[in-house]
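Working notes, beginning with the structure itself.
The values are calculated or read from the model by the stated rules, or taken from the named source; none is laboratory data. On a predicted model such as this, the values are computed, not experimentally measured, just so you know. Note that we place each Cβ from the backbone using ideal geometry, even for glycine, and neighbour counts take in every protein chain shown.
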Amino acid sequence: MLTNKRLILAHFWLAFSVFGLAILLGAWQMLIRSPLHAWISNPEWYYRSLTAHGTVMGYVFPTLVAMGFGYAISETSLNQPLIGRRWAWAGFWLVLIGAVTAMVPVSLGLASVLYTFYPPMIGNPFYYIGVVLVVVGSWIWVALMSINLAAWKRANPDKPVPLAMFANVAGSYLWAWTAVGAALELLLQIIPAAIGLTSTIDAGLSRVFFSWTLHAIVYFWLIPAYIAYYTIVPRAIGGKVYSDAMARIAFILFLVVSMPIGMHHTFADPQVGAGFKFIHSAFTALVAIPTLLTVFTICASVEIAGRLRGGKGPFGWIAALPWDNPIMLAVTFSFIMLGFGGAGGLINMSYQLDATIHNTQWITGHFHLIFGGAIVIMYFAIAYDLWPHLTGRQLTNLRLMRTQLWLWFIGMIVTTFPWHWVGILGMPRRMAYYDYTNAALEPTALSVSISVVGAFILVISAILFFVVLLEGQRAPRENAGPYRFSMAVHPPVTLPAVLNGHALWVTLMVGLTITNYGFPVYELVTRSGMSVPAIYVGGER
Amino acid sequence: MSVRGNSIFRDRWAIRCIALTAVLFVAIAFIGLVLLPLLQPNVKAAGLWDAICSAAGIARKPTNTTPVAPDFKISSVVVTPEMLDTADAQSIGRGATLAHQCAICHGPAGFSRADSPNLSGQYASAIYKQLKDFQSGARSNAIMTPFAAKLTDQDMIDVASYYAYLPRLPEDRTRQVIVAPQIVSNGAPLRNIPPCGSCHGSIDHKVGSPWLQGQPAAYIKAQLQAFARGQRNNDISQQMRNIARQMTPQEIDEAARYYSSLSQSAQLTGR
Amino acid sequence: MTDETSSTHNHSRSADVAARIERRWAIVAIAVIALIAVMAAYGGIHRATMPQTQVETIDPTTLHLNGEFIESNLGSAIEPNGSVTVRVVGQQYSFTPQCILVPTDTPITIRATSPDVVHGFLIEGTNINTMLVPGYISDLPVQFNKPGEHLMPCHEFCGVGHEGMWGKVKVIDKFDFLQLSTKERRLNCVD
């Protein structure tokens, strides 16, 4: 039952609009730093663009997708109209106002500090204030998800919470808690320095706070994609979910262990003790478990679909799958990219191998493959699946949808594989230009050029995505029927209470944050004299 | 369909999960905080407790070593971002009076006619730092050293604030746009030469670095050569020597000519 | 939901089979993760490839005035025990010394810090890779086996001049290094 279609569409349209703008910046950046383009005469333009691209793609776009999809899940899976519709609109406007507030100083070149902030560099305060508004807007969504689930539970005391909503609320709690790290960094350290209340900043503490957010945010981006794996894909391809309980366990594990592991981003930092780095490294290994479980469950669910469609033998079911269905294609591409990206992730999280690629182009290649590839392609799938229910018009051009998904997959592989490679060669990140004529850098020139081609394939795919949606706006009106989520092969008959609520898991998440971050943060805060002068950028000319 | 159990925390599954998490954390923490620091060959710890503290990240000050002492006078200015970023009218007024003695070389309005640097509109922090360095001997110049020797700290702040308050030379709009040579706009990355503007104000400003637009070519050239040869070494931790040393004589000429051509001072002074 | 509940008996049997397969997979997944963690710990102990073992602090604003990062003390120094200590400052937008000179087959300790913003420290073609955070000293043990030259870029965004922040490392024969060190107390390869 979708009653707030305009609210949900507003979130998706804003999300995809900012995505469309940011991907153009991304492609431009790929081009101008490559050997195919002369050195840019003012490198600041590159960093300005990079700040905008990262801020939009990292903070605005996935947050809006999670919010819009979350409202849709709440209404459809609980079958109850959204409670707090006005608050939801307020959250939307806060995100929009925050995004504009942040982007104005960035586009004026007043906050070219990159989306990771990098204190003690300090830019224009409105950039940070804008980011805070985006986060505050999304926190309204977190509260609404919680309130809606609680209301449903009161009305349905004995029923298991639908899997989609269970996962959605887990994702919202994860986001609420993980955003606290960056919020502390912004509110206690960066913004006071940016508005002139202080002129110093504790760079080491800021980096630790940011790591609190920076890793788990990836899982916040990921959760809508995983919800789609479990609750959209099997239904869309005519199958069933292999196991409802295992799906819940996967989301629970994300909630508990994706948070207390952020310090693997600071392996090479001198301000944290090696012991805590090891603890975070070991817990990072744990976060691979829910993904491994998901790979099994989804492959098995897809196999069920193949067999239900008459596929026989060990591999015959693969041929029997509905390959002309865009959702089938999307999940396949997503899994392939998740496989490569996940393998790369295991390298990043390990102490020993990290040193080879830490902060090189490998890292950028890695997170573009995981986020831009495996996750965003599922955002497309979510939009394709949900759109007819939101607009009341069918998306009929399946061929164009398939072409779009193929191009996104090919584009992502062509962009990110060479990107990983130049990282292994030791190419540093985030430079406006490189001297490819130097013998030591010359071997990277071809790979970087290939990446540029990939970037433009991605732009074409993004354009096709908009064409599909806009074509849909002109299609005749047609009732898409009620929106359904996948059924489990064995729907939960009895469910342990722990798999039906979030209280225990939120407690464990907070508990592990305290054990894994508590002492390092305490030690950093009490370390005296660690505030260093802020370095203001983009100010006096 | 039903949901088993009432209170989550009395549920036996819940207790197991909490216990498992606790055991996991304790085991991992034991390996990370106790076992690894003890077994690693490269840890220089005085004992078990010391090793644990070190792995936990308890900070320590570096052990005292005797550094090699410099054979020249190092700049003793501590550059901070808020350095001289606000000036009061009184300070500017005092600075104007003090600046009379500067006019003979640096021009009555801060525009030099004698290949001395133009000071009008210069960053206060840059002027202050150079005055301090002339006074301490970190930078030496037959004319400037005796002048600086007489100034108090407040005098230097006042003079710097006064010149920073004066307007910069206007850009010359009568001539066609001068395209910056590549050494200025891009530098030479692998020779460790960043774009000049990333510190000197046209792109971003690093506190302590001067504004270069309109400075006399001869002055810029002489300073770059002095940095390159190590004859001038009051740049903190070699930040300017590292760059100048890597520039070719031709690039030094190009950069100097470019900056001097950027404002009307070229006409004002007949160059 | 009629099709799922056609036969309660079959239902529970097939559910048990499904659960068993799933459990086996979960055990494999956990075993893989445990193996990775053990490998990390083993590597940490036996190859000494652990992150920096201690946290050391320093005032970044006065690096140039006194202490071990004063300009004249930067570069490579031979210690009484025959090892070499290399002290480096990474600042906007260069490393000092701009070219680091080190011997082959000698235990080397790199000690580096930043007076301004966060910088990266990467020696290409090696696993030497760390961050310089103002206020802290990065300290890492390294060794070079072959003579040669390496690029040493800053790999963390440090401001608009970041793309110009490239240093060099020159590895020379141990014997030649010792020869040079009789003339100068702090060595570098800046021309």
Requiring at least 2 residues that are closer than 24 Å to A:Trp406 by Cα, the helices (runs of 4 or more DSSP H) wholly within region A:323-389 are A:326-349, A:361-367
Residue hits (region A:503-541; at pLDDT 90 or above, over 30 Å from B:Trp211 (Cα atoms) and more than 9 Å from chain B (Cβ to nearest Cβ)) are A:Val506, A:Met509, A:Val510, A:Thr513, A:Ile514, A:Tyr517, A:Gly518, A:Val521, A:Tyr522, A:Val525, A:Thr526
Within region B:37-59, of all residues that are modelled with pLDDT under 80 and at the interface with chain A (Cβ under 9 Å from one of its Cβ atoms), the one surrounded by the fewest Cβ atoms within 10 Å (Cβ to Cβ) is B:Val43
Counting only residues that are free of Cβ contacts under 8 Å to residues at least 60 places away in the same chain, outside any helix (DSSP H, G or I) and crowded, with 23+ Cβ neighbours inside 10 Å, region A:25-70 contains a total of 0
Next on the checklist: Considering only region A:467-483, I want to know if a residue exists there that is away from every other protein chain (no Cβ under 14 Å), acidic (Asp, Glu) and part of a helix (DSSP H, G or I).
Outcome noted: yes
Scanning region C:114-140 for residues that are more than 8 Å from chain A (Cβ to nearest Cβ) and hydroxyl-bearing (Ser, Thr, Tyr), the one nearest to B:Val79 (Cα to Cα) turns out to be C:Ser114
Exactly one of C:Ala40, C:Ala48 is part of a helix (DSSP H, G or I) and either under 30 Å from A:Ala250 (Cα atoms) or at pLDDT below 90 (or both), and that one is C:Ala40
Any residue that is farther than 30 Å from A:Met401 by Cα, touching a Cys at 6+ places or on another chain (Cβ under 9 Å) and not hydroxyl-bearing (Ser, Thr, Tyr) - is there at least one of those in region A:482-500?
yes
Here, strands (runs of 3 or more DSSP E) confined to region C:128-181 with at least 3 residues that are in contact (Cβ under 8 Å) with a residue 40 or more places away in the chain and more than 30 Å from B:Ser202 (Cα to Cα) are C:136-142, C:166-172
- Message: Residues that are of a type outside the set (Val, Ile, Thr), farther than 17 Å from A:Leu24 by Cα and over 21 Å from the mean Cα position of the chain (by Cα): does region A:450-468 have at least one?
- Response: no
Scanning region A:271-322 for residues that are assigned to a loop (DSSP other than H, G, I, E, B) and either modelled with pLDDT under 90 or more than 30 Å from A:Glu523 (Cα to Cα) (or both) gives A:Val287, A:Arg309, A:Gly310, A:Gly311, A:Lys312, A:Ala320, A:Leu321, A:Pro322
Subset of region A:87-127, residues in contact with a Pro (Cβ under 9 Å, 6 or more places away or on another chain) and buried (at least 24 other Cβ atoms within 10 Å of the Cβ), comes to A:Ala111, A:Val113, A:Pro120, A:Ile122, A:Gly123, A:Asn124, A:Tyr127
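This table checks each residue for (1) under 29 Å from C:Ala29 (Cβ atoms); (2) within 14 Å of another protein chain (Cβ to nearest Cβ); (3) at pLDDT 95 or above.
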position: A:Ala355; (1), (2), (3): yes, yes, no
position: A:Thr396; (1), (2), (3): no, no, no
position: A:Leu407; (1), (2), (3): no, no, yes
position: A:Gly411; (1), (2), (3): no, no, yes
Among the residues of region A:428-443, the number that are in contact (Cβ under 8 Å) with a residue 40 or more places away in the chain and more than 8 Å from chain C (Cβ to nearest Cβ) is 1
Condition set in contact with an Asp or Glu (Cβ under 9 Å, 6 or more places away or on another chain) and under 30 Å from A:Ile261 (Cα atoms), scope region A:284-325, selection surrounded by the most Cβ atoms within 10 Å (Cβ to Cβ): answer is A:Thr297
If we keep only residues of region B:245-263 that are more than 11 Å from chain C (Cβ to nearest Cβ) and without any contact (Cβ under 8 Å) to a residue 60 or more places away in the chain, then the residue nearest to C:Cys99 (Cα to Cα) is B:Thr248
In region A:501-534, residues that are in a loop (DSSP other than H, G, I, E, B) and over 25 Å from the mean Cα position of the chain (by Cα) total 6
Checked region C:70-94 for anything at the interface with chain B (Cβ under 8 Å from one of its Cβ atoms) and surrounded by 23 or more Cβ atoms within 10 Å (Cβ to Cβ); matches are C:Glu71, C:Leu74, C:Val89, C:Gln91, C:Gln92, C:Tyr93, C:Ser94
Filter region B:69-118 for residues that are part of a helix (DSSP H, G or I) and among the aliphatic types (A, V, I, L, M); the one that is farthest from the other protein chains (Cβ to nearest Cβ) is B:Ile104
Picked from region B:190-206 (must be crowded, with 23+ Cβ neighbours inside 10 Å and of a type in the set (A, V, I, L, M)), the residue modelled with the highest pLDDT is B:Ile193
Within 13 Å of chain A (Cβ to nearest Cβ) and part of a loop (DSSP other than H, G, I, E, B): is that true of B:Pro62 in this structure? yes
Would you confirm, using the coordinates I've provided, whether B:Asp133 is farther than 30 Å from A:Ile40 by Cα and under 20 Å from the mean Cα position of the chain (by Cα)? yes
Exactly one of A:Val135, A:Val113 is assigned to a helix (DSSP H, G or I), more than 20 Å from A:Pro492 (Cα to Cα) and not charged (D, E, K, R), and that residue is A:Val135
